[in-house]
Amino acid sequence: RQARRSGGKEKREAVELPFSKGDTIKGTVARITAFGAFVTVTDGVEGLLHTSELMRPDGKGDARVSDILKEGEEVEVTVLDIKSGKVSLTNITEEYRAREKIMVKQGVGSVADASTSLEYALKKAGLTPDMFGGKAATEV
């Protein structure tokens, strides 16, 4: 597939890419914005890792992009799409997506908010398992 090498407002030149849709590749975070991070995936070509495609650490569903990624950090990403010279990326793994589907199916929201259904419900109510004096639900 092809992408376009950005050159400011000038017309972009076509570039042959060494990867295609579905490939998992390594890149370097070039810059962070409010809507995601631009990742350098090959010489002169950046892809967008949109905030909606950014895997959040458990319990940090509201974390900002800058709380999760740092400029210059190497990341492993999967190419979602290459369209009109733009490369769309994700760092969400299949395992993470499967866990999230289960959480949504159980009606407890996103896996980014909690690691278990019980943890989610307790957090939502402002409670913690240790408030009950017994073992945490995960220890039973």
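The values are calculated or read from the model by the stated rules, or taken from the named source; none is laboratory data. In this text the structure is predicted, and so the values were computed from the model without any measurement. Note: ideal-geometry Cβ built from the backbone for every residue, glycine included; neighbour counts use all protein chains shown. These accessible areas exclude ligands, DNA and RNA; they are computed on the full protein's heavy atoms, side chains included. Shrake-Rupley method; radii C 1.70, N 1.55, O 1.52, S 1.80 Å.
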Can you tell me the Rg and the Dmax, both Å, for the Cα atoms in the range 17-94?
-> 11.7, 36
Interchain or sequence-distant (5+) residues whose placed amide H lies within less than 5 Å of the amide H of residue 36 are 51
What is the calculated FRET efficiency for residue 26 to residue 102, with r their C-beta to C-beta distance and R₀ = 41 Å, to the nearest 0.05?
-> 0.90
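For the range 17-94, report the accessible area per residue in Å² (1.4 Å probe, heavy atoms, rounded to an integer).
53 Å²
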How many Lys pairs in the range 17-94 lie less than 23 angstrom apart by Cα atoms, where the lysines are 8 or more positions apart or on different chains?
-> 7
Cα centre as origin, Lys/Arg/Asp/Glu Cβ charges: the range 17-94 dipole, Debye | 220 debye
Which residues' amide hydrogens lie under 5 Å from the amide hydrogen of residue 87, considering only partners 5 or more residues apart or on another chain, with H built in the peptide plane?
-> 48
